[in-house]
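Asks: Let me begin by handing over the structure; questions about it come next.
The values are calculated or read from the model by the stated rules, or taken from the named source; none is laboratory data. All values derive from a computational prediction rather than experimental measurement. Here the Cβ positions follow ideal geometry from the backbone for every residue, glycine too, while neighbour counts run over all protein chains shown.
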Amino acid sequence: MAYKTIIGLEIHVELATKHKIFCNCPNEYGAEANTLVCPICLGLPGALPVLDKEALEYGIKAGIAFNGSISNIIKMDRKNYFYPDLTKGYQISQAEIPFCDGGYIEIELEEGTKKITLNRIHIEEDTGKQLHSEDGMTLIDFNRAGVPLIEIVTNPDINSAEEAKLFLDKLRAILKYIGVSNVKMEEGSLRCDVNINVVNTKSNVKSNITEIKNLNSFKAVVKAIEFEEKRHIELLEAGSNTDRETRRWDETKGETIIMRKKFGVSDYRFAEDGDIPPIKIAGEWIEEIRKSLPELPHAKKERFIKEYNLSDYDAGVLTQSKELSIFFEDTLKYIDDSKLVSNWIMGDVLRRLNDDEIEIEESNLKPKDLAELLILIRDGKINNNTGKKVLKEMFDTGKSPETIVKEKGLIQISDEGALKEIIEKVLSENEQSIIDYKNGKDRALGFLVGQIMKASRGKANPQLVNKMLLEIINER
Amino acid sequence: MDITSLKAWEMKEKILNKEISSRELLEAHIKKIEEVEPEINAFITLNKEEALKEAERIDEKIKNNEELGLLAGLPIGIKDNIATKNLRTTCASKILENFIPPYNATVIEKIKANDGIVIGKTNLDEFAMGGSTETSYFGPTKNPINKNMVPGGSSGGSAAAVGANEVPLALGTDTGGSVRQPASFCGVVGLKPTYGMISRYGVIPMANTLDQVGVFGRDVKDALLMLNAVTGYDMKDSTSSKKSDLPISIDLNERINYLEGMTVAIPKEYIELGPSNKEVQAQFDNALKVFENSGAKIEIVSLPHLEYALETYYIIMSCEVSSNMSRYDGIRFGHRAEEYNTLDELYKNTRTEGFGEEVKRRIMVGTYALSKGLAEESYKKALKVRTLIKQDFDRVFANHDIILSLASPILPYEFNSVINDPIEMYKADLYTVPVNLAGLCSMSVPMGTVDGLPVGLQIIGDRFKDANVIKAGLGYERAVL
């Protein structure tokens, strides 16, 4: 039987502003517990919130980048609930009027481009963090309390784990491009909840929506969706159904586990905040922000295809991360050969980054160094294989290619006199191979080239070796 | 002569003329406090040692001929819902019985910057919820005029302290009449400025869109002095107004008749309602004659939505209360129940033990009114009616300088007489709550007594027209003296 999966995502993104959203405490990750706090973010009585302009600006940047429509009025509301990590007994958030309405993100599927539409984006404050000690104590760190967040809510337009992954990749890339968030799932600056159910396309029978929380990587999102898809379908197939519930992803077990059933609808008793009166947003300010946005991935990809004559695929890969695209263009400042640079980045550079599970900006590699390496290869100073070894050394040590080549004596031997000496020596040791070659065994030539390269410890210029070897043999 | 019975501005003159030192003035007040406090109970916490240090600092300034701030060494009482750094701030609640804020409210910083001296923290209804100061966890305050009577509330401690000469000036807060009504009950002047005129930073909220700091003094000139010391825009309070960057400058020349040509509105709704006590009405009628005889032009006007003001107020106030009280959960500060097994029990037991009946009642009403399905009919509708009430006042103030009414239709009453009947206590609020709903300014000025108990005249002005209210008050005071 055919089933369609229906997925909506709720993504919380911490904004990388200098200060928290309602006070002047620094917005930093990883500080000692409860050192970045003040009466305002601790919710002490009488302390009042003041909305940080930068937080609002960052939010609006994201809204524009996701093609949403920015509200001309910012209204803050209180979401009332009790929880120890919530300092005021309410979270200052946005209820009826989010700062950004609608929007979309396009993802590239094999069958073409698909638009995933957004329901809304609103701005709010983050809560503190609870830490549970082994002896049953709960400790609370309020450094995170009051960190600005935007919550991006998609419409249920996503139909597979792959689409969810592509969507999140794109979302993260855009957020990084515009520089409003660190978007690190492991640090909690990007958090994603999944709402999922399936529908039988023939009978139109639907499973009940499951909410999945505690997803701390994109891989976990993919695996949890795949697990839930299967679970929903199996239950429907068995004539049963899923319960309306919240589940969490258990990484070690590789399955989702029930957290709580959903009875009725939760009631947050939303009310106007009152301490932050509605703020009118000038259209000029929104325009100013729009103009300040950097080139976004899609536009950059199109430009790369045109300007550098790259394939759609290559341009897509090179622009997926802002840093990688900048690295590519920075390298081109030193070597005017987009094909060569693109090939090396797409090949050895990305392979190494993947192996190390790091981003380009976290590696030792510098655009200028890569360019120098490619110039050495292009000018025949080292050969391709040596180049790969030098690149590895560059990643390992951060040294410049010239230093590495010098230290290891890797400069290619292109001196004909020196090469002739090596060739003569190898030929004198392998008389049989000369005879074999002359008797029509072409393979013997390859063997001889190998021996010559070996004798030169890989430094011989291969093109020159081939040419000279033929000349010398034919003279004999 | 007892120096503590002087007006604040008279004391200030004596200090500036070096007839008396700030320390002597403070000690006279401390002596007065020690004398009357056992009976009055206007203070929850005294700040004697710090106050003496401050007085010495100010005397040093005087000695060095340095210029003094507006408050020039005057002792000041602070309602105990205003945060004072390193000085216990309780809101008259068990839940904050031992709470010592690590920060000052902006008004406290301003008092210090103006060389005023915080002498202590005054009593109030728990979290300012009440109109008699009887719901205080620290026991009721007595009315200095008649100690069998309540001083009004919720700023009863501040009003009584000024009335009993324990301080010349005090700060209160007014959410629905909590400065004007106790001023009326204790026979002092109580001014609630326009919402936004005084920073609320550090003022522990009851209903934050209605709360405003107010001032108490013995006459209108005193109230103006205190207002000018604490008013002004504060970037720490987004609801404070840039329009409030004053001080209000008024010519205090005694010969000016501010009532001449003033346009005065009397809402017919208040005439129809009328106080049940005819002598109270007679006092008001006399006051009107004073205005008329001094050249004011009096007109009857209508505030058609006034009849919905109480319901509107009680819904909005309770909803905001329910949310503002949520942070008292026993997790980070304040009282925490000793016995609990689960998180829910920690919350429940802490709040059950920590809050009094009136606070619980309002939390319950507000939580109910905000709940799903009801919010549309209650909270959201109340917000709309609030706008209509504002518009009623806007229409009146388009053609009038001030509105006059009683500050309270009832006289100070005996202890335990109304607290058992919350509805009766709520009804008296009809004269004061519309002002908070519309964010207006308003002042209660003494206009004589009935059966030996004070009656207050309420002068209401448009938003940021506080000067009109003060001029009317000055004019009235001069005309009746």
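Asks: Looking at A:Gly46, A:Gly59 in this structure, which one is more than 14 Å from every other protein chain (Cβ to nearest Cβ) and modelled with pLDDT of 95 or more?
Replies: A:Gly59
Asks: Report, by residue number, each residue of region B:142-155 that is touching a strand residue (DSSP E or B) at 6+ places or on another chain (Cβ under 8 Å) and either farther than 18 Å from B:Phe355 by Cα or surrounded by fewer than 24 Cβ atoms within 10 Å (Cβ to Cβ) (or both).
Replies: Taking region B:142-155 first, the residues touching a strand residue (DSSP E or B) at 6+ places or on another chain (Cβ under 8 Å) are B:142-143, B:145-146, B:148-150, B:154-155.
If the condition is that a residue be touching a strand residue (DSSP E or B) at 6+ places or on another chain (Cβ under 8 Å) and either farther than 18 Å from B:Phe355 by Cα or surrounded by fewer than 24 Cβ atoms within 10 Å (Cβ to Cβ) (or both), then B:Lys142, B:Asn143, B:Ile145, B:Asn146, B:Asn148, B:Met149, B:Val150, B:Ser155 are the ones that fit.
Asks: Could you tell me which of the residues B:Glu269, B:Glu292 is in a helix (DSSP H, G or I), free of Cβ contacts under 8 Å to residues at least 12 places away in the same chain and either of a type in the set (D, E, K, R) or within 14 Å of chain A (Cβ to nearest Cβ) (or both)?
Replies: Step by step, each of B:Glu269, B:Glu292 is checked, and only B:Glu292 is in a helix (DSSP H, G or I), free of Cβ contacts under 8 Å to residues at least 12 places away in the same chain and either of a type in the set (D, E, K, R) or within 14 Å of chain A (Cβ to nearest Cβ) (or both).
Asks: Find the residue count for region A:280-309, including only residues that are of a type outside the set (Ser, Thr, Tyr) and touching a Lys or Arg at 6+ places or on another chain (Cβ under 8 Å).
Replies: Result for region A:280-309: 6.
Asks: Looking only at helices (runs of 4 or more DSSP H) that lie completely in region B:362-469, which have at least 3 residues being out of contact with any Pro (no Cβ under 8 Å at 6 or more places or on another chain), more than 18 Å from B:Arg180 (Cα to Cα) and within 14 Å of another protein chain (Cβ to nearest Cβ)? Break it down stepwise before answering.
Replies: Working: elements: B:381-397, B:422-427, B:433-438.
Once the helices (runs of 4 or more DSSP H) in region B:362-469 are filtered for at least 3 residues that are out of contact with any Pro (no Cβ under 8 Å at 6 or more places or on another chain), more than 18 Å from B:Arg180 (Cα to Cα) and within 14 Å of another protein chain (Cβ to nearest Cβ), what remains is B:381-397.
Asks: Now for a separate question. Of all residues in region B:214-263 being under 12 Å from B:Leu474 (Cβ atoms), of a type in the set (A, V, I, L, M) and not in a loop (DSSP other than H, G, I, E, B), which is nearest to the other protein chains (Cβ to nearest Cβ)?
Replies: Across region B:214-263, the extreme among qualifying residues is B:Ala223.
Results for (1) under 23 Å from B:Leu225 (Cα atoms); (2) within 13 Å of chain A (Cβ to nearest Cβ); (3) within 19 Å of the chain's Cα centre (by Cα); (4) not charged (D, E, K, R), shown as yes or no for each residue.
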| site | (1), (2), (3), (4) |
| --- | --- |
| B:Lys48 | no, no, no, no |
| B:Asp80 | yes, yes, yes, no |
| B:Thr89 | no, yes, yes, yes |
| B:Lys112 | yes, no, no, no |
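Asks: Please enumerate the residues belonging to region A:178-233 that are under 18 Å from A:Thr154 (Cβ atoms) and basic (Lys, Arg).
Replies: If the condition is that a residue be under 18 Å from A:Thr154 (Cβ atoms) and basic (Lys, Arg), then A:Arg191, A:Lys213 are the ones that fit.
Asks: Filter region B:180-204 down to the residues that are in contact with a strand residue (DSSP E or B) (Cβ under 9 Å, 6 or more places away or on another chain) and within 11 Å of chain A (Cβ to nearest Cβ), then identify the one that is surrounded by the fewest Cβ atoms within 10 Å (Cβ to Cβ).
Replies: The first filter runs over region B:180-204 and keeps only residues in contact with a strand residue (DSSP E or B) (Cβ under 9 Å, 6 or more places away or on another chain), leaving B:180-200, B:202-204.
Checking which are within 11 Å of chain A (Cβ to nearest Cβ) leaves us with B:195-196, B:199-200, B:202-204.
On the way: B:Tyr195: 25, B:Gly196: 23, B:Ser199: 26, B:Arg200: 27, B:Gly202: 29, B:Val203: 27, B:Ile204: 29.
Only one residue tops the list, namely B:Gly196.
Asks: Let me ask another. Would you mind finding the one in B:Arg361, B:Arg351, B:Arg386 that is surrounded by fewer than 20 Cβ atoms within 10 Å (Cβ to Cβ) and in contact (Cβ under 8 Å) with a residue 24 or more places away in the chain?
Replies: B:Arg361
Asks: Yes or no: B:Ile95 assigned to a strand (DSSP E or B), closer than 29 Å to B:Glu134 by Cα and within 13 Å of chain A (Cβ to nearest Cβ)?
Replies: no
Asks: Residues of region A:423-441 being of a type in the set (S, T, N, Q) and under 19 Å from A:Gly458 (Cβ atoms), which ones?
Replies: A:Asn430
Asks: Determine whether B:Glu307 is in a loop (DSSP other than H, G, I, E, B), without any contact (Cβ under 8 Å) to a residue 40 or more places away in the chain and away from chain A (no Cβ under 14 Å).
Replies: In short, no.
Asks: Could you list, in sequence order, the residues of region B:28-52 that are more than 21 Å from B:Ile82 (Cα to Cα) and basic (Lys, Arg)?
Replies: B:Lys31, B:Lys32
Asks: Considering region A:387-421 alone, what residues qualify as being surrounded by 15 or more Cβ atoms within 10 Å (Cβ to Cβ) and within 23 Å of A:Leu470 (Cβ to Cβ)?
Replies: Of everything in region A:387-421, those that are surrounded by 15 or more Cβ atoms within 10 Å (Cβ to Cβ) and within 23 Å of A:Leu470 (Cβ to Cβ) turn out to be A:Gln412, A:Ile413, A:Ser414, A:Leu419.
Asks: A further question follows. Can you run down the residue pairs with Cβ atoms below 6 Å, 6 or more apart or on separate chains, where the first is in region B:1-29 and closer than 23 Å to B:Glu50 by Cα and the partner is in a loop (DSSP other than H, G, I, E, B) and among the β-branched types (Val, Ile, Thr)?
Replies: Taking only residues 6 or more apart or on different chains, the pairs are B:Lys14/B:Ile20.
Asks: Same structure, new question: Quick one: in region A:254-268, which of the residues that are surrounded by 13 or more Cβ atoms within 10 Å (Cβ to Cβ) and within 13 Å of chain B (Cβ to nearest Cβ) is nearest to A:Ile92 (Cα to Cα)?
Replies: For region A:254-268, the residue satisfying everything is A:Tyr268.
Asks: Still on this structure: Which of the residues that make up region A:181-220 are closer than 15 Å to A:His12 by Cβ, over 14 Å from the mean Cα position of the chain (by Cα) and among the β-branched types (Val, Ile, Thr)?
Replies: Selection gives A:Val194, A:Ile212.
Asks: Which count do you get for residues in region A:269-292 that are acidic (Asp, Glu) and either more than 13 Å from chain B (Cβ to nearest Cβ) or within 32 Å of the chain's Cα centre (by Cα) (or both)?
Replies: 3
Asks: Of all the helices (runs of 4 or more DSSP H) wholly in region A:208-322, which have at least 2 residues that are without any contact (Cβ under 8 Å) to a residue 12 or more places away in the chain and not charged (D, E, K, R)?
Replies: Fully inside region A:208-322 and qualifying: A:297-308.
Asks: Can you name the residue in region A:132-159 that is within 14 Å of another protein chain (Cβ to nearest Cβ) and assigned to a strand (DSSP E or B) and, of all such residues, is nearest to A:Ala65 (Cα to Cα)?
Replies: Once the filter is applied, the top-ranked residue is A:Asp141.
Asks: Condition check: surrounded by fewer than 17 Cβ atoms within 10 Å (Cβ to Cβ) and either of a type in the set (S, T, N, Q) or free of Cβ contacts under 8 Å to residues at least 24 places away in the same chain (or both). Does A:Glu357 satisfy that?
Replies: Answer is yes for this residue.
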